[in-house]
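Undergrad: One structure follows; several queries about it will come next.
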Amino acid sequence: LCCQCGVPIPPNPANMCVGCLRAQVDITEGIPKQGTVHFCKQCERYLQPPGTWIQCALESRELLALCLKKIKASLSKVRLIDAGFIWTEPHSKRLKLKLTVQKEVINGAVLQQVFVVEYVVQSQMCEDCHRIEAKDFWKAVVQVRQKTVHKKTFYYLEQLILKHRLHQNTLRIKEIHDGLDFYYSSKQHAQKMVDFLQCTVPSRSKSSQRLISHDIHSNVYNYKSTFSVEIVPICKDNVVCLSPKLAQSLGNMSQICVCIRVTSTIHLIDPRTLQIAEIDGSTYWRHPFNSLFHPKQLEEFIIMDINRVHEKKKGAGAGARSNKHTLAEAWVRKTSELDTDHQYFCCTHLGHILNPGDLVLGFDLANCNLNDEFANKMNPQHIPDVVLIKKSYDRSKRQRRRNWKLKELERDREATDTDDERQYQDFLEDLEEDETIRKNVNIYRNADIPVESDTDDDGAPRISLAEMLEDLHISQDATGGEGAEMLT
């Protein structure tokens, strides 16, 4: 019989029934039934005391371990058998843990008990998010500059940064007139960005640091570091004039060349011979050269007659030739001078896409003043009258057909003008025309624009659906509820 209530029971060391034993002894005494957990809304991390912030999904093992650590000291007197979450509304700011514990009580009897611990989720901003919100607290800045009128190289660099997710550690990105500033909380992150830039675009860098504070007792120095990265001032479709020494070292190229693309090196082509060459950053800074024209100075020509040149004798010491281009001799006339009989003769590397009657953009060297130290010393007979750059298509029609889009960096912008939009459209057209650059860029399908048929095709290059990525949108969670904001 139970010594308290007299109910017949199986024999046990305490000589009490379960009800009386629980009334006499509470093994959960001293274990807190309520607690608090700190959560940062910005980065969605939980605070693990004393100062570590960790990423945890709801009802995950990591979050369970974090909650149990808060009552670890009080659980030392009992034996934890099981622990798990009780479902709560994701927006309720409550976490409930169901714990099962055992403890030896009177005369060696083992009592097992189940109880619930409730945690209140309190919002608290972590230190990293504090620095991001302050926008002025930074330890290192990377200043990327390019002294050019056109920003094609910057648009390409932006897509590379997005593809490789190099912008995740930035506190702030600020756009200024001729470049971008990347702010970081540590010098290591800034150095990683500088190393990435030097591997992806031809550039040179300098670094400096400024002493902010110094603790003489612990010998701790606090510096602010500045990294200056200067990208070569050459963009795609620029006409350049090389120094005689550099042109000779590249296989006796012509000094007047066209830049066909800028990746980790500058890719040049000689429109007279199709000879190609690559110039890296260190070579450029040893033998610098400038662009002869701005993109705004492009003029429109019409092809009057064109003849492909299939065999061209190589000169002494000539380098490699391009297999993707076709050499041609063309007679062209400016569209602004159609009422005259004035025609220009030129050699071009665009023989594979040009036909009589096509419109093409180029630079007029015969009627311009070249303010360049190398061009002024050249023999006038070696300077071509016209350099053709690219075939001209109807831009408005290309924009309507463009069923793809790119992502952009979130940055503090200055006032943008119409010229920036024109330059961005130029970059999008370059992506459509150059498959080599396109491989390094993440292109997303734009579902708002339907796929058109090719019946009204004017021959303009387009990007195929196979090269596009689907843009991911998470609109709801797996249960179909409205808890998407809580997903990590």
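Undergrad: Answer with one residue from LEU166, ALA366, GLY30: the one whose Cα lies farthest towards the positive end of the charge dipole of the chain, charges on Cβ with Lys, Arg +1 and Asp, Glu -1.
TA: Most positive-ward Cα: GLY30.
Undergrad: Using the heavy atoms of the protein chains and a 1.4 angstrom probe, tell me the accessible area per residue for the range 219-295 in square angstrom.
TA: 35 Å²
Undergrad: Work from the charge dipole of the range 18-128 (Cβ charges, +1 for Lys and Arg, -1 for Asp and Glu, about the Cα centre) and give the residue of TRP87, CYS20, VAL117 farthest towards its positive end.
TA: CYS20
Undergrad: Further question on the same structure: Placing +1 on the Cβ of each Lys and Arg and -1 on the Cβ of each Asp and Glu in the chain, which of ILE383, VAL309, CYS259 has its Cα farthest towards the positive end of the resulting dipole?
TA: Ranked along the dipole, the leading option is CYS259.
Undergrad: Next question, about the same structure. Based on the alpha-carbon gyration tensor of the range 249-377 and its eigenvalue square roots a ≥ b ≥ c, which shape applies: rounded if a/c is under 1.5, prolate if not and a/b is larger than b/c, or oblate?
TA: In terms of gyration-tensor shape, oblate.
Undergrad: Taking the Cα centre of the range 238-392 as origin and charging only Cβ (+1 Lys, Arg; -1 Asp, Glu), how large is the dipole, in debye to the nearest 20?
TA: 640 debye
Undergrad: State which entries of LYS236/LYS407; LYS139/LYS407; LYS152/LYS439; LYS151/LYS390 exceed 23 angstrom in Cα-Cα distance in the structure shown.
TA: LYS139/LYS407
Undergrad: When a/c is below 1.5 the answer is rounded, else prolate if a/b is larger than b/c, else oblate, so apply that to the range 192-267 with a ≥ b ≥ c taken from the square roots of the Cα gyration tensor eigenvalues.
TA: prolate
Undergrad: For the range 200-224 and the range 1-18, what is the centre-to-centre distance using only Cα atoms, to the nearest Å?
TA: Between the Cα centres of the range 200-224 and the range 1-18 lies a distance of 75 Å.
Undergrad: Right, here's the next one. Of the accessible area of the chain, with the probe set at 1.4 angstrom, what percent is carbon plus sulfur?
TA: 48 percent
Undergrad: So if I take the centroid of the Cα atoms in the range 326-341 and the same for the range 228-305, what is the distance between those two points in Å?
TA: If you average the Cα positions of each part, the centres end up 23 Å apart.
Undergrad: So for the range 226-289, averaging the separation of alpha carbon pairs under 8 Å that are six or more residues apart and normalising by length, what relative contact order in percent results?
TA: Here the relative contact order equals 28 percent.
Undergrad: Given a 1.4 Å probe, how much area per residue of the range 82-159 is accessible, in Å²?
TA: On a per-residue basis, the range 82-159 sits at 51 Å².
Undergrad: Work out the length of the dipole vector of the chain about its Cα centre, built from +1 on the beta-carbon of each Lys and Arg and -1 on the beta-carbon of each Asp and Glu, and round it to the nearest 20 debye.
TA: 2220 debye
Undergrad: Related question: List the GluC sites (Glu not before Pro) within the range 300-373 that fall in a DSSP loop (any state other than H, G, I, E or B) and whose Cβ has at most 10 other Cβ atoms within 10 Å.
TA: GLU311
Undergrad: Filter the trypsin sites (Lys or Arg not before Pro) in the range 39-102 to those in DSSP coil with at most 11 other Cβ atoms within 10 Å of their Cβ, and list the result.
TA: Within the range 39-102, the qualifying trypsin sites (Lys or Arg not before Pro) (loop, at most 11 other Cβ atoms within 10 Å) are LYS72.
Undergrad: Considering only C-alpha atoms, what is the centroid distance from the range 68-123 to the range 387-440, in Å?
TA: Here the answer is 59 Å between Cα centres.
Undergrad: Let me ask another. Mean residue ellipticity at 222 nm from the helices of the chain, using -39,500 (n - 2.57) per DSSP H segment of n ≥ 4 over the full residue count, to the nearest 500 deg cm²/dmol?
TA: Mean residue ellipticity, 222 nm, calculated: -5500 deg cm²/dmol.
Undergrad: Order the following by accessible area, largest value first: ASP128, ASP82, ASP339. Probe radius 1.4 Å; ligands, DNA and RNA are ignored.
TA: The most accessible residue leads, giving ASP339, ASP82, ASP128.
Undergrad: How much accessible surface does PHE345 have with a 1.4 Å probe, in Å² rounded to 10?
TA: My reading of the accessible area for PHE345 is about 80 Å².
Undergrad: I'm checking a number: the convex hull volume of the Cα atoms of the range 18-128, normalised per residue, in Å³. What is it?
TA: In the range 18-128, the Cα convex hull volume per residue is 103 Å³.
Undergrad: Give, in whole angstrom and from largest to smallest, the semi-axes √(5λ) of the equivalent ellipsoid of the range 135-231, with λ running over the eigenvalues of the Cα gyration tensor.
TA: Equivalent ellipsoid semi-axes, largest first: 27, 13, 12 Å.
Undergrad: So what's the chain giving for Cα Rg divided by 2.2 N^0.38 Å, two decimals?
TA: 1.51
Undergrad: Could I ask something else about it? Measure nothing but the geometry: give the 0 to 90° angle between the long axis through the Cα atoms of 61-70 and the longest principal axis through the Cα atoms of the chain, rounded to 10°.
TA: Orientation of helix 61-70: about 50 degrees from the principal axis.
Undergrad: About its Cα centre, how strong a charge dipole does the range 135-231 have in debye, to the nearest 20, once Lys and Arg get +1 and Asp and Glu get -1 at the Cβ?
TA: In total the dipole reaches around 120 debye.
Undergrad: Separate question: With a cut-off of 8 Å between alpha carbons and a minimum separation of six or more residues, what is the relative contact order of the chain in percent?
TA: 11 percent
The values are calculated or read from the model by the stated rules, or taken from the named source; none is laboratory data. This structure is a prediction, so every number in the text was calculated from the model and none was measured. For neighbour counting, all protein chains shown are included, and Cβ atoms are generated from backbone atoms with ideal geometry for every residue, glycine included. The area values use the complete protein model at the heavy-atom level, side chains included, leaving out ligands, DNA and RNA. Shrake-Rupley method; radii C 1.70, N 1.55, O 1.52, S 1.80 Å.
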